[in-house]
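Asks: First the structure, then my questions, so here it is.
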Amino acid sequence: MSKKIVLLPGDGIGPEIVAEAKKVLEAVDAKFKLGLKFEEDLIGGCAIDVHGVPLAQSTLDRCKAADAVLMGSVGGPKWDALDSNIRPEKGLLKIRYEMGLYANLRPAILYPQLADASSLKPEIVSGLDILIVRELTGGIYFGEPRGIRLLDNGERQGYNTYVYAEHEIERIGRTAFEMAMKRDKKVCSVDKANVLEATVLWREVIQSISKDYPEVELSHMYVDNAAMQLVRAPKQFDVVVTGNMFGDILSDTAAMLTGSIGMLPSASLNQDSKGLYEPVHGSAPDIAGQGIANPLATILSAAMMLRYSLNEAAAADAIEAAVGAVLDDGLRSADIFSEGMKKVSTQEMGDAVAAKI
Ligand code: NAD
C-alpha cells in the first residue's frame, strides 16, 4: 500500500534541505519497499507570492489527506513588512492548528562526534539525550482575547490570554508519559504555578494522569529554574513536558546544548499520529542559495516521520545510523565544521547519507 507524503519546502534554505531529505527517503524507500509517494506544495512566503496567503486551502486539504507532511522552513526578510495576518509564520500556525498537531516532540541529542560543537563543557553535555514535549495548539499563542487596544487615557495596551483546558493538558501529558515509558521513565513537567493560575491547573492535571503511569517518575519545575537547570545540568532530564510558550523557549535552549541547530529534528503529531515533521531551525536567509546549509536536521525529521507516522522503525533506524556513519567519516557541513574534518556542501551531505543507506 502506498504512503502519501506532502513535501512543503518553504522559503530560504527550505528547498535545499528538503531536496536532500527526499533523496534519503527515496533511498530507504528502495531498500525497505515502503511505497512512498511524494507530492510537493507551497507554504510560507513562497505561497504568499503565488496565492496571496501563506497556506492555501488546497494545500491544507492535500496535507490533511496525506499520511505525513515534511516541511523545510518558512519566512524571510522579503515578507517581514507584511501585515501580521498574512506573514509566512501564520501559515505554519494555521497548519498546526487545522491538523490538530498538539504534540511537538523535540529531541535534543548530542552526537558523540560533535561534543566539541556545544557551547557547554563536554562533560556536562556528552551523552545528552532529552526529549522536550511541547504543547503546540493552545496556551498564550492561541488564547483569546488578544490584541492591542486603546485605553481611556489614550495609551495603547497590548494583551494576550494564557488559557489551557483540562483536555488539552491531559492529552499532551499522556504523550509525555507514553514517550517516557519508551525511554528512561522520567517526566519533568515545567510550569509557573507560583504565579499563573492556568499552570496551577496544568500541574494538577499532570499529577492526576501520572497515576496511570506508576513506573514513570514525575517531577515539577518552575520555568525559570528549568531554564537554569538546562544549562547547568541538562542530563538530569529525560522527558520535559510543558506549554506552548515555555516549550518554544526551552526547546531552543536545549537545541543549542547540542552545538548546532542544524542537527535538530522535530515532529508535531495529532491524536491519530498523523504529523508534520520539520527541522527546529528557521529558513536561514543569511545562507540561503549558497549550498552550505546543514540538511541533517531535515533528514533526521524524515526519520522521525517514518517512526511516528508511518510505523517504519527499521527504515528510521537506517537513516539515523547513516547520519552517524557520515559523521564518523568526518563529513561536516559548515555549521558543524572543525579542524581536521572534511567540509561538505548541502548536496554532498545528502548524497553521503543516501549512499550509506
Ligand atoms: P534561523 O534558524 O533561520 O537561523 C539562525 C542561525 O542559524 C543563522 O545564522 C542560520 O544561518 C543558522 N542556521 C539555521 N539553520 C541552519 C542549517 N540548517 N545549517 C546551517 N546553519 C543554519 O533563525 P532566524 O535567523 O531567527 O530566522 C530566520 C527566518 O526563519 C525568519 O523569517 C524566521 O521567522 C523564520 N523561522 C522559521 C521557522 C520555521 O519555519 N519553523 C523557525 C524559526 C524561524
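The values are calculated or read from the model by the stated rules, or taken from the named source; none is laboratory data. Please read all numbers here as calculations on a predicted model, not as lab measurements. Here Cβ is always computed from backbone atoms with ideal geometry, including for glycine, and neighbour counts include all displayed protein chains. For the accessible areas, the whole protein counts, side chains as well, though only heavy atoms, and no ligand, DNA or RNA atoms are used. Shrake-Rupley method; radii C 1.70, N 1.55, O 1.52, S 1.80 Å.
Asks: Per the helix-only calculation at 222 nm, which mean residue ellipticity applies to the chain, given -39500 (n - 2.57) for every DSSP H run of n ≥ 4 and division by its residues, nearest 500 deg cm²/dmol? List each step's numbers first, then the result.
Replies: Values: 12 runs with 144 residues, N = 357.
Helix contribution divided over all residues of the chain: -12500 deg cm²/dmol.
Asks: Specify the inter-centroid distance of the stretch 183-252 and the stretch 104-135, based on alpha-carbon positions, in whole Å.
Replies: Here the two parts' Cα centres lie 18 Å apart.
Asks: Which sequence of Ser345, Ser301 reflects their accessible areas, 1.4 Å probe, from the largest down?
Replies: Ser345, Ser301
Asks: Decide, for the stretch 272-345, between rounded, prolate and oblate: order the square roots of the alpha carbon gyration tensor eigenvalues as a ≥ b ≥ c, take rounded if a/c falls under 1.5, and otherwise choose prolate if a/b is larger than b/c, else oblate.
Replies: Working: a/c = 3.77, a/b = 1.46, b/c = 2.58.
Oblate shape, in that a/c is at least 1.5 and b/c is the bigger or equal ratio.
Asks: So, with +1 on the Cβ of K and R and -1 on the Cβ of D and E, and no other charges, what is the size of the charge dipole of the chain about its Cα centre, to the nearest 20 debye? List each step's numbers first, then the result.
Replies: Working: 37 positive and 49 negative charges, 73 e Å.
Result for the chain is approximately 340 debye, rounded to the nearest 20.
Asks: Next up: Ranked highest first by average number of other Cβ atoms within 10 Å, how do 10-19, 285-294 line up? The partial results should precede the final answer.
Replies: Details: 10-19: 26.3, 285-294: 17.8.
Order by mean packing, descending: 10-19, 285-294.
Asks: Okay, next question. From the square roots a ≥ b ≥ c of the eigenvalues of the alpha-carbon gyration tensor of the stretch 129-257, which class results: rounded (a/c under 1.5), prolate (a/b over b/c), or oblate? Intermediate results must be reported in sequence, preceding the final value.
Replies: Working: a/c = 2.52, a/b = 1.71, b/c = 1.48.
Prolate.
Asks: Still on this structure: With only Lys, Arg, Asp and Glu charged, each at its Cβ (+1 for the first two, -1 for the last two), find how big the charge dipole of the stretch 129-257 is about the Cα centre; round to the nearest 20 debye. Present the calculation step by step, with values, prior to reporting the outcome.
Replies: Details: 15 positive and 20 negative charges, 51 e Å.
With only Lys, Arg, Asp and Glu charged at Cβ, the dipole is about 240 debye.
Asks: Using alpha carbons only, how many angstrom separate the centre of the stretch 284-357 from the centre of the stretch 19-49?
Replies: Between the Cα centre of the stretch 284-357 and that of the stretch 19-49, the gap is 15 Å.
Asks: What pairs in Lys22/Lys182; Lys22/Lys342; Lys186/Lys342; Lys22/Lys211 have C-alpha atoms more than 31 Å from each other?
Replies: With Cα atoms farther than 31 Å apart: Lys186/Lys342; Lys22/Lys211.
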